[in-house]
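This report concerns only the one structure given below.
The values are calculated or read from the model by the stated rules, or taken from the named source; none is laboratory data. Bear in mind the structure is a predicted one, so any value in this text is a computation, not a measurement. Using ideal geometry, Cβ is built from the backbone for each residue, glycine included, and neighbour counts are taken over all protein chains shown.
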Amino acid sequence: MSVATNSGFVSDAWLPRRRTLVLVGHLPHAGGTWLSQFADREAVDFGPVCLLRPSEEGTQISVYRAKRGALTLGSYPSIEVALNEIAASVARWMVVARTTATIEIPEGTDDIVVLTAVHQSAVYHAESIVMRCLDVLSSRPAPRPGLSVVVLGATAEEHALVAARISDSIGPPNAALIDVRRSVQRVGPVQHLEGEAAGTVATLARLFKCFDEVESGPLSPPNSASLSKADPMPEPMPEPMPVFFRLYYNEDGAPIHYTMEDLPGTYIDIDAKTYATASLNVRVQDGKLIQLANKIITKKLVPSATGTPCHPDNVAIVVSESQPHQRWKLKTYETD
């Protein structure tokens with residue numbers, strides 16, 4: 001995995017730079033701001049974070065909680081140049097990966113974090129991402145990266161419901177391996193440094209190879225004999241905002257999922273408020289969204305003989321079947 005190196009933000013301290021793969025599911029409105037605030041929260045708890053978002057146009061770089069005055073980001077000619085400049089000021093690399101049908105999990109990944117919101121379509125999407133990760137990891141020799149789901153904007157009760165839902169979906173023994181935790185509850189802007197690196201990172205494996213190389217010494221940028229200083233950026237880059245919101249539906253017009261992604265299937269464009277509500281009590285008719293007769297839908301955790309095994313005194317802690325436990329499951333109540 002990652003190797004020990006001088007992080008530069010603690011005097012005379014040799015610490016590993018963890019490598020975290022971030023898989024973004026369906027986040028609440030202003031998903032880019034939620035991602036930024038999550039990275040900042042992790043930096044508060046574990047030390048300065050460099051968040052990398054590779055794309056076909058280049059790599060967006062954000063650094064959180066770096067020592068004041070230790071680093072100035074700018075526009076870099078390559079990712080190699082950027083990593084050389086940043087490495088001494090951070091304790092953790094966080095890489096945002098694409099949630100494609102087959103998820104790339106590079107060798108050297110220390111942990112994988114799936115970010116999700118609390119509404120039903122978001123949890124469904126998070127379950128799908130977790131299952132795809134488990135498929136990839138099942139063929140890997142030990143030790144494997146840790147896998148966790150982070151619920152953003154959730155109360156303690158909502159977190160418990162999501163944890164139970166994911167555990168039921170995954171089933172034993174995998175459920176015991178997944179840590180479902182909650183992070184920031186309210187979204188808001190955070191101070192951080194912004195920059196960008198030109199060029200396309202072909203694969204995440206190549207990016208992680210760059211991490212290996214920067215730990216052992218300065219990287220050589222492509223087609224360049226020496227490193228060039230970053231060009232200063234007078235203004236920080238704006239946070240990325242969602243471009244569109246969609247509701248995908250089946251042949252009966254019933255919702256399949258709400259998303260900010262371009263997926264195969266039939267959909268209609270919706271506004272941010274409809275996306276955030278993510279109501280299942282609607283139908284699509286003639287290209288328009290129709291609200292059905294209002295029903296009160298209540299989900300409640302109830303003791304069960306077949307549900308998820310939890311600690312007898314704490315329903316939020318999933319335990320193995322060999323330990324003392326009480327099984328719980330989600331039950332849905334509908335009333336007019």
Exercise. For Ala205, are the conditions met, namely being surrounded by 13 or more Cβ atoms within 10 Å (Cβ to Cβ), touching a helix residue (DSSP H, G or I) at 6+ places or on another chain (Cβ under 6 Å) and modelled with pLDDT of 80 or more?
Worked result: no
Only one of Leu330, Leu301, Leu263 is surrounded by 10 or more Cβ atoms within 10 Å (Cβ to Cβ) and assigned to a loop (DSSP other than H, G, I, E, B), namely Leu263
Is one or more of the residues making up the range 94-116 at pLDDT 90 or above, hydrophobic (A, V, I, L, M, F, W, C) and touching a Pro at 6+ places or on another chain (Cβ under 6 Å)? yes
Of (1) in contact (Cβ under 8 Å) with a residue 60 or more places away in the chain; (2) closer than 29 Å to Ile317 by Cβ, Glu107 fails just (2)
For the range 135-165, the count of residues that are part of a loop (DSSP other than H, G, I, E, B) and surrounded by fewer than 19 Cβ atoms within 10 Å (Cβ to Cβ) equals 8
Just to be sure, is Pro309 farther than 14 Å from Val162 by Cα, over 30 Å from the mean Cα position of the chain (by Cα) and assigned to a strand (DSSP E or B)?
no
Here the residues within the range 266-276 that are surrounded by 15 or more Cβ atoms within 10 Å (Cβ to Cβ) and in a loop (DSSP other than H, G, I, E, B) are Ile270
Log entry, pairs with first residue in the range 297-316 being more than 23 Å from Arg181 (Cβ to Cβ), second being polar (S, T, N, Q), beta carbons closer than 7 Å, six or more apart or on different chains, reads Ile297/Thr332; Pro303/Gln326
Exactly one of Leu134, Leu115 is out of contact with any strand residue (DSSP E or B) (no Cβ under 7 Å at 6 or more places or on another chain), in the same structural domain as Ala39 (by TED's automatic domain parsing) and touching a residue at least 40 places away in the same chain (Cβ under 8 Å), and that residue is Leu134
Selection from the range 55-77 of residues assigned to a loop (DSSP other than H, G, I, E, B) and either under 17 Å from Arg17 (Cβ atoms) or at pLDDT below 90 (or both) yields Glu56, Glu57, Arg65, Ala66, Lys67, Arg68, Gly69, Ala70, Leu71, Thr72, Leu73
Of (1) in a helix (DSSP H, G or I); (2) of a type in the set (Gly, Ala, Ser); (3) at pLDDT below 85, Ser279 fails just (1)
Of the residues in the range 237-276, those that are among the aromatic types (Phe, Trp, Tyr) and at pLDDT 85 or above come to Tyr248, Tyr249, Tyr267
> Within the range 124-134, is there a residue that is over 16 Å from Val214 (Cβ atoms), modelled with pLDDT of 85 or more and in a loop (DSSP other than H, G, I, E, B)?
Replying inline: no
